[in-house]
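What follows is a set of notes on a single structure, which appears directly below.
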Amino acid sequence: MDRALFKLHRRTEDTHWWFCARREIIFSFLSGILPPDSQTLVIEAGCCTGGNLRYFGKFYDTAGFDSDPEAVELASRGTSHDRVFLSDNPRDLHEYASRAHAFLLLDILEHIEDDSAFFSSLVDEMREGSYCIITVPANMEIWSRHDVTYGHKRRYDVAGLRRLWAGMPVKCEYISHFNSRLYALIWLTRVMNKLTNSASGEAGTDLSVPSGPVNSILHKIFAGESRKLLERFRKRGGEAYKSGASLIAVLKKI
């Protein structure tokens with residue numbers, strides 16, 4: 001991403017309904033696995049401008065890394081500077097990775113050309129019994145200018161995401177679509193944008209913070225998926241939602 005996109009990301013990630021609701025959903029999974037504790041280390045791969053580190057840092061010991069200097073500089077504001085690393089290789093985490101309890105890969109894999117090689121290197125660094133929570137954009141039918149602007153290489157389906165860790169020493173504890181309640185609205189918006197070769201938000205993306213009431217309603221609808229997702233996860237049941245704009249997976253190193 002270029003400098004303008006990083007600045008847009010930083011300016012919106014603490015208030016935009018999508019970022020805020022996604023963090024709440026991730027927290028419901030993470031806290032269900034690892035109760036909040038300042039001694040529990042959670043590492044975010046591809047931490048971008050640091051919104052997730054600032055949020056999860058209220059509940060856990062956190063560290064993050066990203067491959068872009070601009071992102072690392074912005075992420076370091078409001079977080080512990082020496083816990084945000086400039087790197088595109090999980091092996092650079094050294095002692096942090098060896099004692100981490102969980103890793104977060106939140107909408108990062110779609111930016112990486114060889115996502116399997118990257119994830120394999122991360123799994124190599126994970127200690128046995130640690131967890132990894134992954135989110136990725138789903139369904140190529142809603143591919144749009146937004147994806148192109150953000151440098152996405154792909155959107156995933158369930159089978160494609162499962163292939164990511166095939167043959168690796170991890171167990172899939174759960175996988176499901178999410179961001180499903182608003183999927184029809186997202187689909188319609190993306191279809192209209194493709195017809196006009198445009199985007200709904202700023203800088204060629206669909207990202208802009210709606211008015212307060214609208215932002216609040218969209219946040220409530222999306223975050224409300226957390227209950228059903230967590231219920232299915234606890235029971236190790238099937239997908240909570242069969243379609244959606246995103247996928248979530250919980251893996252454990254074995």
**Q.** Residue satisfying condition, being among the small types (G, A, S), over 25 Å from L5 (Cβ atoms), surrounded by fewer than 20 Cβ atoms within 10 Å (Cβ to Cβ) and in contact with a strand residue (DSSP E or B) (Cβ under 8 Å, 6 or more places away or on another chain), within set G129, G167
**A.** G129
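For every residue, the table says whether it meets (1) in a loop (DSSP other than H, G, I, E, B); (2) out of contact with any helix residue (DSSP H, G or I) (no Cβ under 6 Å at 6 or more places or on another chain).
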{"residue": "R162", "(1), (2)": "no, yes"}
{"residue": "Y174", "(1), (2)": "no, no"}
{"residue": "S180", "(1), (2)": "yes, yes"}
{"residue": "V191", "(1), (2)": "no, yes"}
{"residue": "L195", "(1), (2)": "no, yes"}
{"residue": "G201", "(1), (2)": "yes, yes"}
Q.
Every residue in the range 116-149 that is over 21 Å from L104 (Cα atoms) and small (G, A, S), please.
A. S144
**Q.** Number of the condition not met by A21 [criteria: (1) modelled with pLDDT under 95; (2) out of contact with any Gly (no Cβ under 8 Å at 6 or more places or on another chain)]
**A.** (1)
Q) Looking at the range 15-132, what helices (runs of 4 or more DSSP H) fall wholly within it and have at least 2 residues that are touching a Phe, Trp or Tyr at 6+ places or on another chain (Cβ under 7 Å) and among the aromatic types (F, W, Y)? A) 17-33
Q) K194 fails exactly one of the following numbered conditions: (1) surrounded by fewer than 16 Cβ atoms within 10 Å (Cβ to Cβ); (2) modelled with pLDDT of 95 or more. What is the number of that condition? A) (2)
**Q.** Hits in the range 226-251 - residues which are crowded, with 18+ Cβ neighbours inside 10 Å and under 15 Å from L30 (Cα atoms)
**A.** S226, L229, F233, I248, A249, V250, L251
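The values are calculated or read from the model by the stated rules, or taken from the named source; none is laboratory data. Please read these numbers as outputs of a predicted model, since none were measured by experiment. Glycine gets a Cβ as well: all are built from the backbone with ideal geometry, and neighbour counts include every protein chain shown.
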